[in-house]
Every structure is written in structure tokens, then in C-alpha cells.
Amino acid sequence: LSGDQTITVDGLVAASWKLQRSSKVTRVEVIPHRAIPRRAHGAIRTEAKRIARFCVPEVDKAEVAGL
């Protein structure tokens with residue numbers, strides 16, 4: 001995972017993510033590396049949308065894929 005952006009769950013790396021940009025939508029693609037508990041999905045989606053808006057502030061819409 002060296003160099004990849006990561007997502008941790010319960011202190012362990014659970015996934016990596018990539019940012020995909022278009023003129024109107026920024027998508028955060030989550031790539032799981034182990035099973036991610038359902039209880040963590042909402043928090044991951046919320047944080048991924050926050051990251052998308054931080055990285056591309058002018059974006060009209062932020063989406064999350066892969067969960």
C-alpha cells in the first residue's frame with residue numbers, strides 16, 4: 001500500500017481510495033483490502049465526500065463508489 005491513500009477501521013488499514021474528477025462530479029473510489037464492517041460504511045462515505053470537496057472545492061457533486 002506504499003504511497004496509496006488509505007482508510008483505517010478500528011486502527012487497521014481496511015481500504016485505499018482514489019479520486020476521480022470530471023467537470024461536475026468528483027468521485028472517491030474505495031478499494032477494500034479486507035472486509036469492512038457495515039457499521040463503518042456511513043462514516044467512510046461521509047469522510048470520502050468531505051475529502052472530495054476539500055480536494056476539488058468547485059465540484060457540484062461528490063460521490064462515493066466501492067462500498
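The values are calculated or read from the model by the stated rules, or taken from the named source; none is laboratory data. Since this is a predicted model, take the numbers as computed values, not measurements. Every residue, glycine as well, gets a Cβ built from its backbone with ideal geometry; the counts of neighbours run over all protein chains shown. Side chains are part of the model used for accessible areas, which takes the heavy atoms of the whole protein and leaves out ligands, DNA and RNA. Shrake-Rupley method; radii C 1.70, N 1.55, O 1.52, S 1.80 Å.
Consider the range 54-67 and keep the residues that are farther than 13 Å from Ser22 by Cα and modelled with pLDDT of 90 or more. The one that is farthest from the chain's Cα centre (by Cα) is Phe54. Selection over the range 13-37 of residues that are assigned to a loop (DSSP other than H, G, I, E, B) and under 15 Å from Glu63 (Cβ atoms) gives a count of 3. Considered as a group, the residues in the range 38-67 that are open to solvent by less than 70 Å² (accessible area, probe 1.4 Å) and outside any helix (DSSP H, G or I) include one that is farthest from Gly3 (Cα to Cα), and that residue is Val59. Taking the numbered list (1) open to solvent by less than 70 Å² (accessible area, probe 1.4 Å); (2) in contact with a helix residue (DSSP H, G or I) (Cβ under 9 Å, 6 or more places away or on another chain); (3) not hydrophobic (A, V, I, L, M, F, W, C) in turn, Gln5 passes all entries but (1). The residue of the range 9-37 that is farthest from the chain's Cα centre (by Cα), among those that are surrounded by 14 or more Cβ atoms within 10 Å (Cβ to Cβ) and among the polar types (S, T, N, Q), is Thr26.
When the range 1-12 is filtered for residues that are in contact (Cβ under 8 Å) with a residue 12 or more places away in the chain and assigned to a strand (DSSP E or B), the ones remaining, listed by number, are Gln5, Ile7, Val9, Leu12.
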